[in-house]
Amino acid sequence: MEPLIDSIVQKLHHLPQPKLNEVLNFVEFLTWQEKGENQLDVSESTAEINPTFEDIADRLAEEFAKSVGTNLPLLSDYAVSRAGIYEEHP
């Protein structure tokens, strides 16, 4: 099995960082799946396996910022207010 692991590691060195993150997530999923849901220590693993809404929102915001950049125009307070959302549009 060592040659297979060496081959995988060698190929990982040529991947960009976002792809490495995907590989890590996949390997963590496989490891979690191998353990089985009933054998997990909930006190240590809950945050990683069952992230909170805030964790997911933060990760999504970070990924969005990476892809869009910092020059994105912001919406005005009126645009996101109830009046702005329900405004009649011609």
In this structure, the FRET efficiency calculated for Ala65 and Phe29 from their beta-carbon separation, with R0 = 22 Å, to the nearest 0.05, is 0.30
Between Glu22 and Arg82, what length in nm is gained on full extension when 0.36 nm per residue of separation is reduced by their alpha carbon distance? 17.8 nm
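Throughout, read-outs are computed from the coordinates displayed, never taken from laboratory work. Remember, it's a predicted structure, so these values are computed and weren't measured experimentally. Using ideal geometry, Cβ is built from the backbone for each residue, glycine included, and neighbour counts are taken over all protein chains shown.
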